[in-house]
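Novice: Before I ask anything, let me first share the structure, which is written out below as structure tokens.
The values are calculated or read from the model by the stated rules, or taken from the named source; none is laboratory data. The shown structure was predicted, so the numbers you read here are calculated from the model rather than taken from an experiment. Glycine also receives a Cβ, built like all others from the backbone with ideal geometry; neighbour counts cover every protein chain displayed. Accessible surface areas use protein heavy atoms only, side chains included; no ligands, DNA or RNA. Shrake-Rupley method; radii C 1.70, N 1.55, O 1.52, S 1.80 Å.
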Number of protein chains: 6
Amino acid sequence: MATLGLIEYADASAEVRAVYDDIMVTRKTDRVNNFWKALARDPATLRRTWESVKQIMGTGALDALTKEMIYVAVSATNQCAYCIASHTASARKAGMTDSMFAELMAVVGMANETNRLASGYQVEIDEQFKT
Amino acid sequence: MATLGLIEYADASAEVRAVYDDIMVTRKTDRVNNFWKALARDPATLRRTWESVKQIMGTGALDALTKEMIYVAVSATNQCAYCIASHTASARKAGMTDSMFAELMAVVGMANETNRLASGYQVEIDEQFKT
Amino acid sequence: MATLGLIEYADASAEVRAVYDDIMVTRKTDRVNNFWKALARDPATLRRTWESVKQIMGTGALDALTKEMIYVAVSATNQCAYCIASHTASARKAGMTDSMFAELMAVVGMANETNRLASGYQVEIDEQFKT
Amino acid sequence: MATLGLIEYADASAEVRAVYDDIMVTRKTDRVNNFWKALARDPATLRRTWESVKQIMGTGALDALTKEMIYVAVSATNQCAYCIASHTASARKAGMTDSMFAELMAVVGMANETNRLASGYQVEIDEQFKT
Amino acid sequence: MATLGLIEYADASAEVRAVYDDIMVTRKTDRVNNFWKALARDPATLRRTWESVKQIMGTGALDALTKEMIYVAVSATNQCAYCIASHTASARKAGMTDSMFAELMAVVGMANETNRLASGYQVEIDEQFKT
Amino acid sequence: MATLGLIEYADASAEVRAVYDDIMVTRKTDRVNNFWKALARDPATLRRTWESVKQIMGTGALDALTKEMIYVAVSATNQCAYCIASHTASARKAGMTDSMFAELMAVVGMANETNRLASGYQVEIDEQFKT
């Protein structure tokens, strides 16, 4: 059903396998998500997307778990079904408990509500926020 | 410019002042944002919204700073100008450094990109994510 | 600032003036919004958009006020600043009181929240809704 | 498939059953939607969400049917599959006919179109809307 | 599952068949998509929507293939599953190759990312863009 | 107003200047947009974002003008004010005429409308699109 099909490891070129290998090593797993298999038909897209994700998602000023939860928050806001499913799994693997998930979703829900209230009520930005 | 105007503390009813006071005590500040002043024309909305925010944003399984950053992530995804301005300020007050902000935005940007790639490529959800 | 500029009545072609006249007659007003003046550079777009709006917004199974409020609800959900400003004015002209506006926004806020909760929690659609 | 599973009435705690009962009484129904069952794993979220919905959706300056239709309009704008299914059912139960639905969707479609035209054409807000 | 059901050609009124015929002639096909069959319950919506699409999608300053690809770009941005499926098919029929699709999606992904970076970083619009 | 301020060329580190120089050479211009100046506070974000944009936006199976127009289409759909302003300028520089812009916007508007109609009417995906 994926627009360009899914490229399985067995059918992948050396270039694509190199990316698959790096994904599995970095994420300490023995499988590759459908997302990567779908992008693999265009190796340039696969490589650039993976390199960016790898660069962005490692621990830095924010730890990996916090980053995974932000990914879930954005995916839930955009209501991307694939992304919600895969990133909820990633966040759990990184340590997100059910309580953390519920609190995360409570914030996501409230933020989506107050965003529209602020816009709908045409609230002018407070001067002190403009610095 | 706010649709129903802004209700300043000096002009507020006792009911509205009670909410304003609770906001200032809870947030340890001596001012009330335009957002609350805009909602105050409808005291029921003001009270319900504040009570929900107060319940949701306190430290729980997730600490307050993480919750504030999730709020920024959602507001940036939705591109709500007021909310980005006010919640960036709140997050900074809760301890978000410039480095944390930059990493947060990198995740937000990447997630908004991969959400569309997953949807646009019509990627089927992996079986293992369906549990 | 409008991308193709604004075409004022005095500078408009006969084709464009015909649409401006119909807008003013239909809406019982003596001015044309910037929105229509911005589209006027492309008369085909102006005419098609106005004809569709005119067809859709008149009283039918739903009255005009209800339709104007739905327009505000969508514009607030999408956070379109121009549209929130102009359609709030239209809705007020059609009879929307401050109380109606506040209740409308309360529903808009809540719906935007529960939409994300339903998606984020990956709630399966109840069988009885599938008919 | 729901992230935290669904809590059926039979397996629910007294706290959760109390909310389920109130939902069924208020909505004059003998079942609880999957949405509520999914939130029930976090009783605080369940209770707060239901209390807000109950407060917001009753007849006030706007009647219940109008509110249900606004909920459909927002859900369709956000394209939340679960919400479109459940709220279309609620709106029908509140009296929405097929003609009302078609007119509602016509407004939703048009508003989503003109929101992007206004933004894309960078239309400046008319002075008279800024009061 | 479609809210108002699907109206098959065999069951359609003369008014609806006239639109179906025009769709098939214009698109050089012998079938009508579910989208049109779903709108057909409200002939006014069906006719207006088709007339607008017909007017907009033909070759003009932009050729038909470019227009179909823009349609895919918008549908992917909004993550409308039905639209991504049907418009990807239309674009392929108009000449979109797999390479074009991959490049289109790369731009869509990047644009959705930089939109949020620009908004999240609260970047002020450069003076030279304001003309 | 930009959250981390804007880094002007004169105040930039060698690392940041290298990216600014590459932007100006690649785009054949003598200035750098506020967008890049805002990201420059985090050189890793600046570099990665520019490298991706540079890779994606050059002529390939799709020419540069088509890619710029897709960027405008996405930015208009998301209603990102900064992006609409800057990318409309880029598209014009790449050859987009007023007529092309108007036709582009007509498709963007229509697609945003039919996306919601397809979702709101809960249209099931045609079998032939599932291959």
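Novice: Magnitude of the Cβ-charge dipole of segment B:70-131, K/R +1 and D/E -1, about the Cα centre, nearest 20 debye?
Specialist: I would put it at about 340 debye.
Novice: Over the Cα atoms of segment A:12-61, what Rg and Dmax result, in angstrom?
Specialist: 10.7, 36
Novice: Other chains' Cβ within 10 Å of A:46-57 residues: what's the mean?
Specialist: Mean number of neighbouring Cβ atoms from other chains: 5.
Novice: Using the per-residue mean of other Cβ atoms lying within 10 Å as a proxy for protection, in what order, highest first, do the peptides C:77-83, E:55-61 fall?
Specialist: C:77-83, E:55-61
Novice: Describe numerically, in nm with one decimal, the distance between label points set 7 Å from Cα along Cα→Cβ at E:Arg27 and at F:Met1.
Specialist: 4.4 nm
Novice: Could you please report the charge total around D:Ala94, scoring K, R as +1 and D, E as -1 over all other residues with beta-carbon less than 13 angstrom from its beta-carbon? Provide the component values of the computation, followed by the final result.
Specialist: Details: positive: D:Arg27, D:Lys28, D:Lys67, D:Arg92, D:Lys93; negative: D:Asp63, D:Glu68.
Every neighbour counted, the sum reads +3.
Novice: Moving on. Could you tell me whether chain A comes out rounded, prolate or oblate from its Cα gyration tensor? Rule is a ≥ b ≥ c as square roots of the eigenvalues, rounded for a/c under 1.5, then prolate if a/b exceeds b/c, otherwise oblate.
Specialist: In terms of gyration-tensor shape, prolate.
Novice: What does the charge add up to near B:Leu62, with Lys and Arg as +1, Asp and Glu as -1, over the other residues with Cβ less than 15 Å from its Cβ?
Specialist: Counting the neighbours of B:Leu62, the net charge comes to -4.
Novice: Next up: Measuring nothing but label to label, 7 Å from Cα along Cα→Cβ, what are C:Asp21's distances to the other copies in nm, shortest first?
Specialist: 3.6, 6.4, 6.4, 6.9, 7.6
Novice: Additional query: Once label points are set 7 Å from the Cα along Cα→Cβ at both F:Lys93 and C:Glu51, what is their separation, rounded to one decimal in nm?
Specialist: Once both label points are built, they end up 3.9 nm from each other.
Novice: Per residue of B:60-67, how many C-beta atoms from partner chains lie within 10 Å of its own C-beta, taken as a mean?
Specialist: If you average over the peptide's residues, the count of other-chain Cβ atoms is 6.
Novice: So, one more: Quick one: which residues, 5 or more positions from C:Glu124 or on another chain, have an amide H under 5 Å from its amide H? H modelled 1.01 Å from N in the peptide plane, none for Pro or chain starts.
Specialist: Placed amide hydrogens put D:Ala2 under 5 Å from C:Glu124.
Novice: Next question, about the same structure. Mind checking which lysines have their C-alpha under 20 Å from A:Lys28, skipping anything on the same chain fewer than 8 residues away?
Specialist: Within reach: A:Lys37, A:Lys54, A:Lys67, A:Lys93.
Novice: Still on this structure: Give, in whole angstrom and from largest to smallest, the semi-axes √(5λ) of the equivalent ellipsoid of the protein assembly as shown, with λ running over the eigenvalues of the Cα gyration tensor.
Specialist: Its equivalent ellipsoid spans semi-axes of 33, 33, 29 Å.
Novice: Once you average over the residues of D:84-93, how many Cβ atoms of partner chains fall within 10 Å of each Cβ? Could you put the intermediate results ahead of the total?
Specialist: Values: counts 10, 10, 7, 4, 5, 5, 1, 0, 1, 0.
For this peptide, the per-residue mean of nearby foreign Cβ atoms is 4.
Novice: Given the DSSP H assignment, sum -39500 (n - 2.57) over each helix run of at least 4 residues in chain B and divide by its residue total; what's the result at 222 nm in deg cm²/dmol, nearest 500? Intermediate results must be reported in sequence, preceding the final value.
Specialist: Numbers: 6 runs with 85 residues, N = 131.
Helices in chain B give a 222 nm mean residue ellipticity of -21000 deg cm²/dmol.
Novice: Now for a different question. At a threshold of 8 angstrom on Cα-Cα distance, excluding pairs fewer than six apart, so keeping six or more, what relative contact order does chain B reach in percent?
Specialist: 18 percent
Novice: Turning to a different aspect of this structure: For segment E:1-78, what does the relative contact order come out to in percent, with C-alpha contacts under 8 Å and a separation of six or more?
Specialist: For segment E:1-78, the relative contact order is 30 percent.
Novice: Going by the rotation axis that takes chain D to chain A, pick out the residue of D with the closest C-beta and quote the gap in whole Å.
Specialist: D:Gln79, 4
Novice: Leaving out ligands, DNA and RNA but keeping every protein chain, what accessible area does D:Met1 have, in Å² rounded to the nearest 10, with a 1.4 Å probe?
Specialist: Here the accessible area works out near 120 Å².
Novice: Segment A:65-131 to segment D:79-131: how many Å between their Cα centroids?
Specialist: Centre-to-centre distance over Cα atoms comes out at 24 Å.
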